[in-house]
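Please read the structure below before turning to the comments.
The values are calculated or read from the model by the stated rules, or taken from the named source; none is laboratory data. These figures come from a predicted structure and were not determined experimentally. So basically every Cβ, Gly included, is an ideal-geometry build from the backbone, and we count neighbours across all protein chains shown. With ligands, DNA and RNA removed, areas are computed over all heavy atoms of the protein, side chains included. Shrake-Rupley method; radii C 1.70, N 1.55, O 1.52, S 1.80 Å.
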Amino acid sequence: CNLCETRKNFVFGTGSPKADVMVIGEAPGADEDEKGEPFVGRAGKLLTDILKAINFTRDEVFICNILKCRPPENRNPNPEEILKCEPYLLKQIELIKPKFILCVGTFAGQTMLRVKETLGRMRGKIYNLTFGDIKVKAMVTYHPAALLRNPNWKKPTWEDVQLFRKEYDKEKSNTR
């Protein structure tokens, strides 16, 4: 797609290549484009705090985005860009083989669930997804950048991530 013409860095992802949990956002922002790493600005610090609150570190999860290049002016990803970048994301899922995916934001949720629902309709539920022979449980919640703009969404996000962790713990105890 054309985003390679305006980006500074290709933002692939960061974290453990053996992660049980993947966090997927929508696209790199200005800080991410500058550093070549996802979720490094204020929203990244908030994501780190959210993960820490449910007993995950950034090092034990894998963090990436639907798009690997920053859209100009931080605009929303368009369908063509999502379509062009999706094979990279699917390859990441294939290589990492996560058991859980936390989608942060509307575009991440819509892309991963293959729906056009609002964030309000997608969040608060556990979804069973399949990527080839990889079965994954997924959940959708608010993007950390949205929480910075609207602190009222912090409580529902906290409820979502607590449910996510509870489901993760339940799955872990079932596989022992």
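In whole percent, and with a 1.4 Å probe on the protein chains, what portion of the accessible area of the chain is carbon and sulfur? The partial results should precede the final answer.
Values: 4690 of 9400 Å².
It is 50 percent, rounded to a whole number.
Filter the DSSP H helices in the chain by two things, a Kyte-Doolittle mean of at least -1.0 and an axial alpha-carbon span of 24 angstrom or more, and list the hits by number. Kindly include the intermediate steps, with their values, before the conclusion.
Values: long enough: 79-96 (25 Å, 0.08); 154-174 (30 Å, -2.05).
The answer, listed by residue number, is 79-96.
Before rounding to the nearest 500, sum -39500 (n - 2.57) across all DSSP H runs of length at least 4 in the chain and divide by the residue total; then give [θ] at 222 nm in deg cm²/dmol. Don't skip to the end; give the middle numbers.
Details: 7 runs with 75 residues, N = 176.
The helix-only estimate for the chain comes to -13000 deg cm²/dmol at 222 nm.
For the chain, with equal point scatterers placed on the C-alpha atoms only and solvent neglected, what are the log10 I(q)/I(0) values from the Debye formula at q = 0.13 1/Å, to two decimals?
Log10 I(q)/I(0), no solvent term: -0.59.
Using a Gaussian network for the chain with springs between C-alpha atoms less than 10 Å apart, which of these wobbles most: 58, 149, 123?
Checking each option, the largest mean-square fluctuation is seen for 149.
When the chain is modelled as a GNM with alpha-carbon springs shorter than 10 Å, which of 69, 103, 85 fluctuates the most?
Most flexible of the set in this elastic network: 85.
Using a Gaussian network model on the chain with a 10 Å cutoff between Cα atoms, which of 39, 12, 131 fluctuates the most?
Fluctuation is largest for 131.
Diagonalise the Cα gyration tensor of the range 33-131 and give the resulting equivalent ellipsoid semi-axes, square root of 5 times each eigenvalue, largest first, whole Å. Intermediate values should be presented prior to the final figure.
Details: eigenvalues 76, 68, 46 Å².
Working from the Cα gyration tensor, I get semi-axes of 20, 18, 15 Å.
Under a plain spin-label model, where a point goes 7 Å from the Cα along Cα-to-Cβ, how far apart in nm are residue 116 and residue 131?
A separation of 2.5 nm, rounded to one decimal place.
Could you name the lysines whose alpha carbon sits less than 19 Å from that of residue 84, not counting residues in the same chain fewer than 8 places away?
8, 68, 116
Whole number in Å², please: accessible area per residue of the chain, 1.4 Å probe, ligands, DNA and RNA not counted.
Working: 9400 Å² over 176 residues.
I get 53 Å² per residue for the chain.
Quote the convex hull volume per residue of the range 133-176, based on C-alpha atoms, as a whole number of Å³.
Dividing the Cα hull volume of the range 133-176 by its residue count gives 70 Å³.
Report the charge-dipole magnitude of the chain in Debye, nearest 20, computed about the Cα centre from +1 at each Lys and Arg Cβ and -1 at each Asp and Glu Cβ.
Numbers: 30 positive and 23 negative charges, 108 e Å.
Result for the chain is approximately 520 debye, rounded to the nearest 20.
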